[in-house]
Amino acid sequence: MTQLKIEKADEQACLSALFTEYGLLSNGDKASIRRTVEPDDLQTNPVFYRLILQTMDSFNEPKSKAKARVFFDNLPNIGRVVYFLPFIKHQANSKSLGGILKEKNISERRLFLVMRSEYPEDLKHLRRLCQQFEESVDGVKSGNLLFFWGKDKNSSERSKRQLMRDFYLSKKPDESTVAEET
């Protein structure tokens with residue numbers, strides 16, 4: 001049996017489908033996900049599995065369905081993305097999660113709390129920050145960030161660095177308009 005290779009475009013299609021299917025859930029199912037205390041708790045929540053199944057069923061072609069099955073087979077990683085779905089609204093080509101945190105004037109101190117915390121506390125702190133804004137983010141970029149966020153320091157380091165990079169290197173709206181006017 002050959003191993004299917006999941007490419008970036010396939011990941012993006014799966015994450016985009018996940019956001020779409022989450023939007024179609026009933027209010028009660030969304031509340032069930034929202035009330036989840038830790039990302040790993042989702043693996044005992046039937047709504048989580050129904051969401052994954054509905055998302056995989058949204059792919060019609062056999063090849064894309066097979067790739068989606070491989071992508072969604074990684075339940076802990078998908079759980080980290082689903083954990084944030086109640087608080088992240090997806091809009092393609094929007095700002096990154098770090099950029100929105102900067103735009104909403106989230107303090108460095110609160111961001112450093114995320115950076116220095118261990119799993120799952122780091123994700124719980126980040127989720128609390130996401131609860132403070134109702135802006136749309138690029139859900140695919142944020143989904144990738146969360147998907148590869150690991151359970152130990154070494155595996156989450158890349159995602160944490162990306163979040164910091166997005167936070168510090170994104171421009172505030174007033175900075176970009178000043179630059180355009182000059």
May I ask you to list the residues in segment 62-116 that are in a helix (DSSP H, G or I), assigned by TED's automatic domain parsing to the domain that holds Leu24 and among the acidic types (Asp, Glu)?
none
Residues (farther than 19 Å from Leu75 by Cα and either hydrophobic (A, V, I, L, M, F, W, C) or part of a loop (DSSP other than H, G, I, E, B) (or both)) located in segment 117-148
Ser117, Glu118, Leu126, Leu129, Cys130, Gln131, Gln132, Phe133, Glu134, Glu135, Val137, Asp138
Any residue that is surrounded by fewer than 20 Cβ atoms within 10 Å (Cβ to Cβ), touching a residue at least 40 places away in the same chain (Cβ under 8 Å) and hydroxyl-bearing (Ser, Thr, Tyr) - is there at least one of those in segment 21-33?
no
Quickly run through segment 41-51 and pick out the residues that are β-branched (Val, Ile, Thr) and farther than 16 Å from Ser26 by Cβ.
Thr44
Return yes when Phe147 is in contact with a Lys or Arg (Cβ under 7 Å, 6 or more places away or on another chain), closer than 28 Å to Lys5 by Cα and not hydroxyl-bearing (Ser, Thr, Tyr) and no when it is not.
yes
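The values are calculated or read from the model by the stated rules, or taken from the named source; none is laboratory data. Every value quoted in this text rests on a predicted model; they were computed, and no experiment measured them. Here Cβ is always computed from backbone atoms with ideal geometry, including for glycine, and neighbour counts include all displayed protein chains.
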